[in-house]
Amino acid sequence: MGWKRVALIILAAVAIVGGGAYYWLIVESHAPADGHFALDMEEIRRLADVKPGSKAVEIDAEKVAAFSFPLTAVIAGGGWKKVEMPVYSYRLVFPDGGTAIIDTALDAKVGGSQLASFDAAAYERMSAALDKASLIVVTHEHMDHIGGLTEHADLKRILPAVELTQEQVDHPERSVPAAFPEGALNGYKPLVYDHYLAVAPGVVLIKSPGHSPGSQMVYVQKADGTEVLFIGDVAWKFRNIELVRERARLVTQFMLKEDREAVFAELGELHRLHEAEPKIHIVPGHDGEVVDALENAGVIKAGF
């Protein structure tokens, strides 16, 4: 066998191996057959009526910052075009003037060079809203959802309003570089629940680990009956739900360390829910088009 033929065989083998690795890491996104996750909307709606008091009359959204990722990192096989990944905090306003916060974004220090943009005025409005909130929850413990809380200037004062779950408290490594000050959570009693938990009139937490151990969805039923489901980063974009397609494995397995099977099961159930009940507004963690559409429809109001 001549050296040229040997060289060609080696190059072909490298191409096959390399192509296979590229497909597995960047493109492949088939849902496993054995995943299971269910949303019992009858029970969730029942729990939305459990807490006494009036439900929220307004949902506000504050866009604090944005990242920029290749589309294939967001939706496997999507290509290398950069897409904006906005970072939001949401505020529920109740008839008596009380408020609740869902997710707290992050500050410029925590985001650092990873940020494509940062709105300091929006962050200040969000931080001021934390001061007044009677309830603060986060969809999960990653820096762009919990960072505004960990960096709050008067954390001790607002901590009684904060309802972190046991899993969110138990996994500070998932929040890095965001971190609570040393000893800040000493004596803190986190939430412990199995599937669903009502935390305010019309507000129900839904345990959904996978993207992170402490991931949860937040169901909100407004006073007028409008239903909004904040799903955190189970999906970054609504397209993940439409296609039941995960992020690239390079991102999920080696960077985020997700439970990929669990996330696929959640995406499949969200897909089913959207087809069965399209009037439920599903809000992925970083989909500016979805939030803009809800603002235009009057479901969400822009800004705190």
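The values are calculated or read from the model by the stated rules, or taken from the named source; none is laboratory data. All values reported here derive from a predicted model rather than from experimental measurement. Virtual Cβ from ideal backbone geometry, glycine too; neighbours counted across all protein chains shown.
Tabulated data
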quantity	calculated
Residue ID - nearest to residue 215 (Cα to Cα), chosen from residues in segment 233-248 that are in a helix (DSSP H, G or I) and touching a Lys or Arg at 6+ places or on another chain (Cβ under 9 Å)	240
Flag for residue 223 being more than 14 Å from the chain's Cα centre (by Cα), crowded, with 17+ Cβ neighbours inside 10 Å and on the phi < 0 side of the Ramachandran plot	no
Residue 274 assigned to a loop (DSSP other than H, G, I, E, B) and at pLDDT 95 or above	no
Any hit, segment 175-191, residues being within 22 Å of residue 286 (Cα to Cα), crowded, with 16+ Cβ neighbours inside 10 Å and either among the polar types (S, T, N, Q) or touching a residue at least 60 places away in the same chain (Cβ under 8 Å) (or both)	yes
Exclusive hit being in the same structural domain as residue 76 (by TED's automatic domain parsing), outside any loop (DSSP other than H, G, I, E, B) and not acidic (Asp, Glu), set 256, 294	294
Residue ID - surrounded by the fewest Cβ atoms within 10 Å (Cβ to Cβ), chosen from residues in segment 229-247 that are within 14 Å of the chain's Cα centre (by Cα) and of a type in the set (A, V, I, L, M, F, W, C)	238
Flag for residue 77 being assigned by TED's automatic domain parsing to the domain that holds residue 143, exposed (fewer than 13 other Cβ atoms within 10 Å of the Cβ) and touching a residue at least 60 places away in the same chain (Cβ under 8 Å)	no
Residue check for residue 289: closer than 27 Å to residue 125 by Cα and among the charged types (D, E, K, R)	yes
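So that you can scan it fast, the table gives a plain yes or no per residue for (1) without any contact (Cβ under 8 Å) to a residue 40 or more places away in the chain; (2) part of a strand (DSSP E or B); (3) not assigned by TED's automatic domain parsing to the domain that holds residue 292:
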| site | (1), (2), (3) |
| --- | --- |
| 72 | no, no, no |
| 96 | no, no, no |
| 106 | no, no, no |
| 122 | no, no, no |
| 125 | no, no, no |
| 130 | yes, no, no |
| 136 | yes, yes, no |
